[in-house]
Amino acid sequence: AHPEAVIELTYQYRMCDDVAALSNFLIYSNKLKCGNEQVARKKINLPRLKELKNFHCPQELHEKDWLCEILEPHKKVIFLNYDLCEEEQLIEINEQKTITNPGEVDIAEQCVNGLIHAGMDCRDIGVMTLYRAQLQLLNTRFASDHYSNLEILTADQFQGCLLYTSDAADDGES
């Protein structure tokens, strides 16, 4: 009942500029700002990124390796378009009011394994889905001890964050 006592918090210290720009566009009407330049310039830290080419797909087999391309540290917001995948690989299954897509789980697994192989700690990776049934499918896929620190949540559990990966090192690059 005291509107004069309300202020809008517009500075944030968790998202780099590209991620903040996406949130600004979708949610905050361009009012959100990075708290400082260090936050604005944050990028993913993948110390073994060059090794990913041997892990995933030898360059001579394909002109461009999609996994190496999307994990480039300067690309801070990525939308994967898998329209060129074979149709039977990415079928959405809608049964008993639940939606799952095993093909999307395959892609998520490749991305998570790529991040780990490139040097990211599993505890710094988050996988988000919109559907609880897909969450169960993801949890089943990532049930081994190898993924014990992987965070897999629904969108509402991520507190508004669309996708977040973070290097936990306290060296100013996290």
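The values are calculated or read from the model by the stated rules, or taken from the named source; none is laboratory data. The structure displayed is predicted, hence computed values, not measured ones. Backbone-built Cβ (ideal geometry, glycine too); neighbour counts: all protein chains shown. Note: accessible area is taken over every heavy atom of the protein model, side chains too, but ligands, DNA and RNA are not part of it. Shrake-Rupley method; radii C 1.70, N 1.55, O 1.52, S 1.80 Å.
Matching residues to (1) in contact with a strand residue (DSSP E or B) (Cβ under 7 Å, 6 or more places away or on another chain); (2) at pLDDT 80 or above; (3) in a helix (DSSP H, G or I):
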position	(1), (2), (3)
VAL127	yes, yes, no
GLN136	no, yes, yes
ASN139	yes, yes, yes
ALA143	no, yes, no
ALA169	no, no, no
GLY172	no, no, no
> So how many residues does region 14-30 have that are open to solvent by 100 Å² or more (accessible area, probe 1.4 Å) and either within 16 Å of LYS76 (Cα to Cα) or in contact with a Lys or Arg (Cβ under 8 Å, 6 or more places away or on another chain) (or both)?
Replying inline: 2
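Residue-by-condition table, conditions (1) exposed (fewer than 15 other Cβ atoms within 10 Å of the Cβ); (2) farther than 26 Å from ASP121 by Cβ; (3) more than 15 Å from the chain's Cα centre (by Cα); (4) free of Cβ contacts under 8 Å to residues at least 24 places away in the same chain:
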{"position": "GLY35", "(1), (2), (3), (4)": "yes, no, yes, no"}
{"position": "ASP65", "(1), (2), (3), (4)": "no, no, yes, yes"}
{"position": "ASN81", "(1), (2), (3), (4)": "yes, yes, no, yes"}
{"position": "GLU95", "(1), (2), (3), (4)": "yes, yes, yes, yes"}
>> Restricting to region 97-133, and then to whatever is among the β-branched types (Val, Ile, Thr) and over 18 Å from SER144 (Cα atoms), can you tell me which residue is least open to solvent (accessible area, probe 1.4 Å)?
In response: THR129
> In region 37-52, which residues are open to solvent by less than 40 Å² (accessible area, probe 1.4 Å) and over 17 Å from the mean Cα position of the chain (by Cα)?
Replying inline: VAL39, ALA40, LEU52
